[in-house]
Amino acid sequence: MKKIFLLALLVLSLSFRADAQTEFRHISFDEAKTAAKAEGKFIFIDFFTTWCGPCKRLASNVFPTKQVGDYLNGKYVCLKIDAEKGEGVELAKKYGVAAYPTLAVINADGELLGSFAGLKEGDEFIAAVEMCNNPELKPERVKARYEAGERNTPLVVAYATLLADNNRDYKAGLNQAKTILDEYFNTLSDKDRLAKENNGLFTTFAYDYNNPRMRFLIDRRAEFVSDNGSQLDETIKGAFDNEVNRYFSSNLLRDNEENMKAYNLFKQEAAKLGFVGEFGRKLEFAEKRASSDDATFLDFCNKNFMSLAEDEQATFAYSLSNIFPTETPEQKKALSSFLRNHIASLKPNALYIVASAIMSLESTPH
C-alpha cells in the first residue's frame, strides 16, 4: 500500500506547463528588482513546489487567462519561484512562506507589501493581489472603511475576501464572505447590479447554483454590461458544474421525491444552456445511483468508472462515503476492491485521491 501512495506522490511531481497569458520572466530576483525600478512596477512572485496540487491548478487555470494576465502584466514584474530550489529557498524563508501556493507582492526595493496563500481564480485572485499593494485595500484599512459604513463593490469584495482568508474555519469564513456579498447585493437596484463596475459581485464567492446573486446572473446574463463577459460565463458554468457534482458525489436522489424534482428542473435549465452534453457522464452516474441498489450501482461503477474524466474520477473516489454505505467491513472491502480494480490505469491527480481513499477504507480503527 505504501508503494501505491508513494507512486501517487511521485507522479504529482511532474513539471508545470508554461503559462500562456501571464508573462513570467526567467530572471533572478535581483534582476527583477532592477526591472521593477526601470518599469515603475511591483514584483509579483508565485512561490510554488512541484508536489503542490493547487499550484498546478493555478498554473493551468488562472495564470493563462486573459483577465489575470492583462492585470499582472500591466502592473508587475512576474516571477515563478520554486520554494525548494536555488534562490527560492532563501527567498521563501525571507518572506515567511509557509504554505503553497503563496503569492507575494514586493516593491522594487525588495520590501514585502503583502501576500496570501491558496488557490483563487478570476476576480477573487485579482482582489487578493490588489489588497497586497493598494493602501486603501490593506486589511486594517478595509476593515475600518467597512465598519464606518462605506460601501462599494471593490471594498465589499475586499472585505469579504479578508473574512474568508482569516477565519481558521474555512467553511465558516466562506459563509461569512457570502453573507457580506449577498447583503450588499440586496441593497442594489437591478440597474446597478447589471453595471460593469459591479461584475465582481457575481464572480467572487458565487459558486452556488441557488445563490441569489448566481440566480440573477443566470436569469439576466444577456443584459449585463461587462468588459469581461467570458469570466461571467465561466462563473455560470462553474456553478452548474458544482451543482452537477452535488448530485454526482452523493446519494441525494434515491427515494427522495423533492430532490428529484429539483434535479429535473436543474437538468432542464442546464440543457437550455448547452451544458448537458459536457456533464453527461456525471448525470448518468447520479441517475443510475438513484435507480439502483448498492450492489447494482457498484457493478455499474466497475464497468464505467474509467469513462469518467480524471477530475471526475478523483471527485467520485473522494466522495465514496457519501455515495455508498461504509458501516461494515464487507462494505468497505467491496469499495476498496472496486478502486483497486482501476488504480493501475489512473492518471496522476485521480491516482493520488484513489490511493488515499483505499488507505482510508483499509485502515484499521484504533
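The values are calculated or read from the model by the stated rules, or taken from the named source; none is laboratory data. Quick caveat, the model's predicted, so the values are computed rather than measured. When we count neighbours, we look across all protein chains shown, and the Cβ atoms used for this are built from the backbone with ideal geometry, even at glycine. Only protein heavy atoms, including side chains, enter the accessible area calculation; ligands, DNA and RNA are left aside. Shrake-Rupley method; radii C 1.70, N 1.55, O 1.52, S 1.80 Å.
Which residues, counting only those in the stretch 184-196, are of a type outside the set (A, V, I, L, M) and either surrounded by 12 or more Cβ atoms within 10 Å (Cβ to Cβ) or under 23 Å from the mean Cα position of the chain (by Cα) (or both)? Step through it out loud before you land on a result.
Of the residues in the stretch 184-196, the ones of a type outside the set (A, V, I, L, M) are 184-187, 189-193, 196.
Hits for the stretch 184-196 are 184, 185, 192, 193, 196.
Taking into account only those residues within the stretch 181-237 that are among the hydroxyl-bearing types (Ser, Thr, Tyr) and in contact with a Gly (Cβ under 7 Å, 6 or more places away or on another chain), which is farthest from residue 126 (Cα to Cα)?
As a first pass, look at the stretch 181-237 and keep what is among the hydroxyl-bearing types (Ser, Thr, Tyr): 184, 187, 189, 203-204, 207, 209, 226, 230, 235.
With the extra rule that they be in contact with a Gly (Cβ under 7 Å, 6 or more places away or on another chain), the set shrinks to 203, 207.
Details: 203: 11, 207: 17 Å.
Checked the stretch 181-237; the qualifying residue farthest from residue 126 (Cα to Cα) is 207.
Which of the following residues is over 29 Å from residue 210 (Cα atoms) and touching a residue at least 24 places away in the same chain (Cβ under 8 Å): 308, 346? Show your work before the answer.
Values: 308 fails: over 29 Å from residue 210 (Cα atoms).
From the options 308, 346, the qualifying one is 346.
Please go through (1) touching a residue at least 60 places away in the same chain (Cβ under 8 Å); (2) over 30 Å from residue 339 (Cβ atoms); (3) open to solvent by 40 Å² or more (accessible area, probe 1.4 Å) for residue 205 and return the number of the only condition it doesn't satisfy.
For residue 205, the exception is condition (3).
This table checks each residue for (1) among the aliphatic types (A, V, I, L, M); (2) under 24 Å from residue 171 (Cα atoms).
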| position | (1), (2) |
| --- | --- |
| 203 | no, yes |
| 215 | no, yes |
| 243 | no, yes |
| 246 | no, yes |
| 271 | yes, no |
| 280 | no, no |
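For the stretch 252-289: of the residues being open to solvent by less than 60 Å² (accessible area, probe 1.4 Å) and touching a Lys or Arg at 6+ places or on another chain (Cβ under 8 Å), which is modelled with the lowest pLDDT?
For the stretch 252-289, the residue satisfying everything is 276.
Kindly indicate the residue of the stretch 103-122 that is more than 23 Å from residue 37 (Cα to Cα) and in contact (Cβ under 8 Å) with a residue 24 or more places away in the chain and also surrounded by the fewest Cβ atoms within 10 Å (Cβ to Cβ) among those meeting that condition. Walk me through how you get there before you give the answer.
Restricting attention to the stretch 103-122, the residues satisfying the condition of being more than 23 Å from residue 37 (Cα to Cα) are 116-122.
Restricting the remaining residues to those that are in contact (Cβ under 8 Å) with a residue 24 or more places away in the chain gives 116, 118-122.
On the way: 116: 18, 118: 15, 119: 18, 120: 23, 121: 20, 122: 23.
Of everything passing the filter in the stretch 103-122, 118 is surrounded by the fewest Cβ atoms within 10 Å (Cβ to Cβ).
Please give the number of the condition residue 66 fails out of (1) in contact with a helix residue (DSSP H, G or I) (Cβ under 8 Å, 6 or more places away or on another chain); (2) of a type outside the set (Asp, Glu); (3) surrounded by 15 or more Cβ atoms within 10 Å (Cβ to Cβ).
(3)
Quickly run through the stretch 209-233 and pick out the residues that are open to solvent by less than 70 Å² (accessible area, probe 1.4 Å), aliphatic (A, V, I, L, M), farther than 19 Å from residue 246 by Cα and touching a helix residue (DSSP H, G or I) at 6+ places or on another chain (Cβ under 6 Å). If you could, list the steps in order and put the result at the bottom.
So in the stretch 209-233, the residues open to solvent by less than 70 Å² (accessible area, probe 1.4 Å) come out as 209, 211, 213-218, 220-221, 224, 226, 228-229, 231-232.
The next check asks that each one be aliphatic (A, V, I, L, M); those that pass are 214, 217-218, 232.
Okay, now just the ones that are also farther than 19 Å from residue 246 by Cα, so 217, 232.
Within the stretch 209-233, 217 is the sole residue that qualifies.
What number of residues within the stretch 247-298 are farther than 29 Å from residue 337 by Cα, in a helix (DSSP H, G or I) and either among the hydrophobic types (A, V, I, L, M, F, W, C) or touching a strand residue (DSSP E or B) at 6+ places or on another chain (Cβ under 7 Å) (or both)?
Going through the stretch 247-298 one residue at a time, the tally reaches 7.
Would you check if there is a residue in the stretch 165-183 being open to solvent by 20 Å² or more (accessible area, probe 1.4 Å) and in contact with a strand residue (DSSP E or B) (Cβ under 7 Å, 6 or more places away or on another chain)?
So far as the stretch 165-183 goes, yes, one or more of its residues are open to solvent by 20 Å² or more (accessible area, probe 1.4 Å) and in contact with a strand residue (DSSP E or B) (Cβ under 7 Å, 6 or more places away or on another chain).
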